[in-house]
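Here is the structure we will look at, set down as structure tokens.
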Amino acid sequence: MSTIAYYITAHGYGHGTRSCDILNAIRKADADVSIIVKSDLPITFLESRLPKNIEIRPGAFDLGLIQKDSIQVDLKASLEAIEKLYEREEDLIAQECRFLADENVGVVVADIPAIPLEAAQRCGIPNIACSNFGWNWIYSEFVEQEPRWQFFVDKFQAVYEKTDLLLRQPFAELMSAFPCQIDLPLLAKPGNCRRAEIAAATGADSAKNWVLLSFTTLNLDFQALENLKQLQDRYELYTVEPLAWPGTGIHSVPRSLFPFADVLASSDLVVTKPGFGIVSECIANNKPIIYSDRKNFLEYPVLVKSIEQYCRHAFIPNQELYSGDLLRALTEAEQSAPPKEEMPRGGAEQAAQIILNQLLG
């Protein structure tokens, strides 16, 4: 049987989270199909979410946006990095064409770099994009202040227009470049509450309300961390590695011990930036979400609209977040009204079946 090649941008963990949901659904539907994942996401992250019989290989085929931390974007560094990557575009396409032939790849799925899709198109291999936005849309916001972005808007647009199929995920922009689209319901599933185990591993007090600070990086200064300490009479604050502030009393949970979905399921409140993965998992686990500003990312208002529709929620301005003043927002989230609507589920299983159908022809 042919192989599925699944490419995942390393822009953020949300892309990896949703891709792993689909990959697990593929593996559950077909125990024998060969699957190779290519991504520069941390191997520990992917291994914590995927079974051992899915092969993982390194590979960087887009840049997304370079972050100063989980909230702030470095546009200058992002543009310089993607220009450097695309100097190698033809070499990378040729490299992937060889890989597709050597591994007998029958379908390429990409979330959502253009280079693997272009390679599949040149090789005549069915190719599927899977995302809630295209990079052409994200980059279009920056063209007015720096015209060099237009090259990449056009580059991604041209590849997307030739893509066989888009599996359009929730919280999506129109993605009108893709000629053929199927809309998916929510992909994420609830985690398992493992509060007692996490408390034993970290020393957290299970009787307090647990607040998950869900960021990969967050640049808080000494005074902000001191302000967070003032909350610890009422709340247990914790993060998931790699984010850690040793000596502050804020617990850092190792990904090697507990899947992120289980950590989130064990929490009472989540403080985060609006991102696809965390919004999906808060909806799936019915957790209140405290979200902050996110500039230079067109996806932000789309995600905020979904938070307001499907989650208990509160807003925390960047100024309050970076000063460690969380109490107002936490209290507001605890007192927030139930969600206005429930999102339909089963998107991962639907996507898996579509991908397998493409592979089997």
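The values are calculated or read from the model by the stated rules, or taken from the named source; none is laboratory data. Since the structure is predicted, the reported quantities are computational estimates derived from the model, not experimental observations. Note that we place each Cβ from the backbone using ideal geometry, even for glycine, and neighbour counts take in every protein chain shown.
A compact table of results
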| item | result |
| --- | --- |
| In the range 313-322, the residues that are over 22 Å from residue 280 (Cβ atoms) and either aliphatic (A, V, I, L, M) or in a loop (DSSP other than H, G, I, E, B) (or both) | 317 |
| Cβ-Cβ under 6 Å pairs, at least 6 apart or on other chains, the range 296-312 side more than 22 Å from residue 269 (Cα to Cα), far side β-branched (Val, Ile, Thr) and crowded, with 19+ Cβ neighbours inside 10 Å | 298/138 |
| The range 246-273 residues that are on the phi > 0 side of the Ramachandran plot, paired with ones that are outside any loop (DSSP other than H, G, I, E, B) (beta carbon under 7 Å, 6 or more apart) | 249/229 |
| Hits in the range 323-338 - residues which are in contact (Cβ under 8 Å) with a residue 40 or more places away in the chain and either crowded, with 19+ Cβ neighbours inside 10 Å or not in a helix (DSSP H, G or I) (or both) | 323, 324, 325, 326, 329, 330, 333, 336 |
| Members of the range 206-228 that are over 24 Å from residue 73 (Cβ atoms) and either at pLDDT below 95 or of a type in the set (Ser, Thr, Tyr) (or both) | 206, 207 |
| Wholly within the range 101-169, helices (runs of 4 or more DSSP H) carrying at least 2 residues that are more than 24 Å from residue 14 (Cβ to Cβ) and out of contact with any helix residue (DSSP H, G or I) (no Cβ under 8 Å at 6 or more places or on another chain) | 149-161 |
| Residue list for the range 241-266, filter: closer than 24 Å to residue 132 by Cβ and either at pLDDT 95 or above or more than 17 Å from the chain's Cα centre (by Cα) (or both) | 263, 264, 265 |
| Some residue of the range 286-298 being buried (at least 18 other Cβ atoms within 10 Å of the Cβ), assigned to a helix (DSSP H, G or I) and not assigned by TED's automatic domain parsing to the domain that holds residue 173 | no |
| Any hit, the range 209-219, residues being surrounded by fewer than 21 Cβ atoms within 10 Å (Cβ to Cβ), in the same structural domain as residue 18 (by TED's automatic domain parsing) and either within 17 Å of the chain's Cα centre (by Cα) or among the polar types (S, T, N, Q) (or both) | no |
| Residue match in the range 179-201 (condition: closer than 30 Å to residue 239 by Cβ, out of contact with any Ser or Thr (no Cβ under 9 Å at 6 or more places or on another chain), of a type in the set (A, V, I, L, M, F, W, C) and surrounded by fewer than 18 Cβ atoms within 10 Å (Cβ to Cβ)) | yes |
| Sole exception among (1) crowded, with 21+ Cβ neighbours inside 10 Å; (2) under 20 Å from residue 185 (Cα atoms); (3) among the charged types (D, E, K, R) for residue 38, by number | (2) |
